[in-house]
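J.: Okay, handing you the structure first.
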């Protein structure tokens, strides 16, 4: 890897080769700009981050405590601030990603206004958000390096060679804010060709991991709502192949495909699968249909029937023209979906569940691993779950089975604040705290994410600010509730001009115009009040 001095030397040689027209180009300034723009294209990012994910997947296979995490984003600034915070608090970005949620794009980024998670938003907004996220992450690199360059200049001016060497070492070993993004392509926004075309745009924007779900694209629902409709396996596998072809065409040979099954909560299908012989994949899919045996003379006009083992079976068809699966087959269908997806090109699984329960998830993963031993999951630690109530009820049920006295608790009312300091609530909170580590160890979960965290944090913080600012606290509501905390917690955004690129702009002005540069920094800049 080229060092800071290597870049300076290389550009100095270019200047010498170009002769007099380049005399006013400062090699060190150009080297700084080059280092502040490490990734030139989205494909550079996709290749770089795919390698990170593959390394992390291998490390998880060797040690399940090495799981990864991410938080969902709906704006580049949100993603940037997450990575700045991660580096600030933990020193590096190891095993920490970003998640791009289709739900949040629909709710917050569509030109139609807020929409439900039903693939009605503009599909071009998906690659658009990926590009935006990486633009902000690259800007975070440039800003951080710009600060180091200014520190380097100050050390030189002070004649502090030890400090100068230390800062140059920090520059040479700078860790980028650019991390993998797992990007939600919903059900592909159309047929396999449409999926391929959108996947290409997403990869070109920088996506190294694409999450694809097995719902019907034109009937798509949020995974935590009712009315989900799945497609036969061959239809889903065609889309998985389409995404793989997109990765290969663009030279991202180790791109990651996350195959999501919604079958646990999906009781409907739009199609009866094509089957050529008993026991094939289509026949297995159809075997879950809710059917009744009929005689030929009992058939009605327009009936659809299946011939199975010499019997005529009529699948139950709803007025919506959808077919219904038998009750209590969701887990079996999930397991089959997962095995099939991994056998035909997917790298990771996503099982959408109705509650966060290690035992439930682990039970399915153990069945999958009987066929595919290294099966791994991406899991949605969803805000759609009532985590407090779920885990308090799990503890209640566990204690009941153990014979422990739970008569002091009302199971249906365990969300009550009255229980917050109880032994049961403390145990539930401890299980929530260790849920990700427990599930990584016991349920094969490689990656834990929260889909919509900043949707909720933005609403909560805005509610608190509005209550204080428009109430009796007035301006103190902002100062005490926001700015004072920013200053004392070292939140970089308290200097919002710097965060928006003002200091980098000053650097460029000086590179381009020298002493004639009109710079924004100076003693009259009010940002100086923040030190």
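The values are calculated or read from the model by the stated rules, or taken from the named source; none is laboratory data. It should be emphasised that the depicted structure is a prediction, and the values quoted were computed from it without experimental measurement. Neighbour counts are summed over all protein chains in view; Cβ atoms, including those assigned to glycine, are modelled from backbone coordinates with ideal geometry.
J.: Can you name every residue in segment 80-94 that is over 17 Å from residue 174 (Cβ atoms) and surrounded by 19 or more Cβ atoms within 10 Å (Cβ to Cβ)?
T.: Of everything in segment 80-94, those that are over 17 Å from residue 174 (Cβ atoms) and surrounded by 19 or more Cβ atoms within 10 Å (Cβ to Cβ) turn out to be 81, 82.
J.: Then there is this: Within segment 381-394, restricting attention to residues that are touching a strand residue (DSSP E or B) at 6+ places or on another chain (Cβ under 8 Å) and modelled with pLDDT under 95, which residue is farthest from residue 265 (Cα to Cα)?
T.: 383
J.: State all residues of segment 291-302 that are in contact with a strand residue (DSSP E or B) (Cβ under 6 Å, 6 or more places away or on another chain) and surrounded by fewer than 16 Cβ atoms within 10 Å (Cβ to Cβ); if no residue qualifies, say none.
T.: Passing the criteria: 292, 293, 294.
J.: Can you find even one residue in segment 10-21 that is at pLDDT 95 or above, surrounded by fewer than 19 Cβ atoms within 10 Å (Cβ to Cβ) and not in a helix (DSSP H, G or I)?
T.: Checked against the condition, which is being at pLDDT 95 or above, surrounded by fewer than 19 Cβ atoms within 10 Å (Cβ to Cβ) and not in a helix (DSSP H, G or I), segment 10-21 yields at least one hit.
J.: Additional query: Can you find a residue that is touching a residue at least 60 places away in the same chain (Cβ under 8 Å), farther than 30 Å from residue 394 by Cβ and part of a helix (DSSP H, G or I) anywhere in segment 275-284?
T.: no
J.: Where the second residue is part of a helix (DSSP H, G or I) and surrounded by fewer than 16 Cβ atoms within 10 Å (Cβ to Cβ) and the first is modelled with pLDDT of 95 or more and lies in segment 161-172, which pairs have Cβ atoms under 7 Å and are six or more apart or on separate chains?
T.: 164/156
J.: Within segment 168-182, identify whether any single residue is in the same structural domain as residue 102 (by TED's automatic domain parsing), out of contact with any helix residue (DSSP H, G or I) (no Cβ under 8 Å at 6 or more places or on another chain), assigned to a helix (DSSP H, G or I) and surrounded by fewer than 20 Cβ atoms within 10 Å (Cβ to Cβ), and answer yes or no.
T.: Taking every residue of segment 168-182 in turn, at least one turns out to be in the same structural domain as residue 102 (by TED's automatic domain parsing), out of contact with any helix residue (DSSP H, G or I) (no Cβ under 8 Å at 6 or more places or on another chain), assigned to a helix (DSSP H, G or I) and surrounded by fewer than 20 Cβ atoms within 10 Å (Cβ to Cβ).
J.: Still on this structure, please answer the following. Select from segment 233-248 the residues that are more than 20 Å from the chain's Cα centre (by Cα) and over 14 Å from residue 202 (Cβ atoms) and list them in ascending order.
T.: Selection gives 233, 234, 235, 236, 237, 238, 241, 248.
J.: If you take the residues of segment 285-298 that are closer than 12 Å to residue 323 by Cα and part of a loop (DSSP other than H, G, I, E, B), which of them is farthest from the chain's Cα centre (by Cα)?
T.: 290
J.: Here is a list of conditions, (1) assigned to a loop (DSSP other than H, G, I, E, B); (2) over 30 Å from residue 345 (Cβ atoms); (3) under 32 Å from the mean Cα position of the chain (by Cα), and residue 427 meets all of them except one; can you say which number that is?
T.: Failing condition for residue 427: (1).
J.: Here is a check on your reading of the model: is residue 414 out of contact with any helix residue (DSSP H, G or I) (no Cβ under 7 Å at 6 or more places or on another chain), without any contact (Cβ under 8 Å) to a residue 60 or more places away in the chain and assigned by TED's automatic domain parsing to the domain that holds residue 59?
T.: Taking the combined requirement at face value, the residue does not satisfy it.
J.: Given the options 52, 25, name the one that is closer than 24 Å to residue 144 by Cα and in contact with a strand residue (DSSP E or B) (Cβ under 9 Å, 6 or more places away or on another chain).
T.: Sole residue among the options that is closer than 24 Å to residue 144 by Cα and in contact with a strand residue (DSSP E or B) (Cβ under 9 Å, 6 or more places away or on another chain): 52.
J.: Out of (1) surrounded by 14 or more Cβ atoms within 10 Å (Cβ to Cβ); (2) outside the structural domain of residue 77 (by TED's automatic domain parsing); (3) touching a helix residue (DSSP H, G or I) at 6+ places or on another chain (Cβ under 7 Å), the odd one out for residue 464 is which?
T.: Against the list (1) surrounded by 14 or more Cβ atoms within 10 Å (Cβ to Cβ); (2) outside the structural domain of residue 77 (by TED's automatic domain parsing); (3) touching a helix residue (DSSP H, G or I) at 6+ places or on another chain (Cβ under 7 Å), residue 464 comes up short only on (1).
J.: Taking only segment 235-274 into account, find how many residues are outside any helix (DSSP H, G or I) and on the phi < 0 side of the Ramachandran plot.
T.: So the answer is 24.
J.: Having 2 or more residues that are more than 21 Å from residue 39 (Cα to Cα) and either touching a residue at least 40 places away in the same chain (Cβ under 8 Å) or touching a helix residue (DSSP H, G or I) at 6+ places or on another chain (Cβ under 6 Å) (or both) is the bar; report the helices (runs of 4 or more DSSP H) wholly within segment 51-160 that clear it.
T.: Because the criterion is at least 2 residues that are more than 21 Å from residue 39 (Cα to Cα) and either touching a residue at least 40 places away in the same chain (Cβ under 8 Å) or touching a helix residue (DSSP H, G or I) at 6+ places or on another chain (Cβ under 6 Å) (or both), the helices (runs of 4 or more DSSP H) in segment 51-160 that meet it are 102-108, 125-158.
J.: For residues that are in contact with a helix residue (DSSP H, G or I) (Cβ under 7 Å, 6 or more places away or on another chain), free of Cβ contacts under 8 Å to residues at least 24 places away in the same chain and assigned to a helix (DSSP H, G or I), tally how many sit in segment 474-531.
T.: 6
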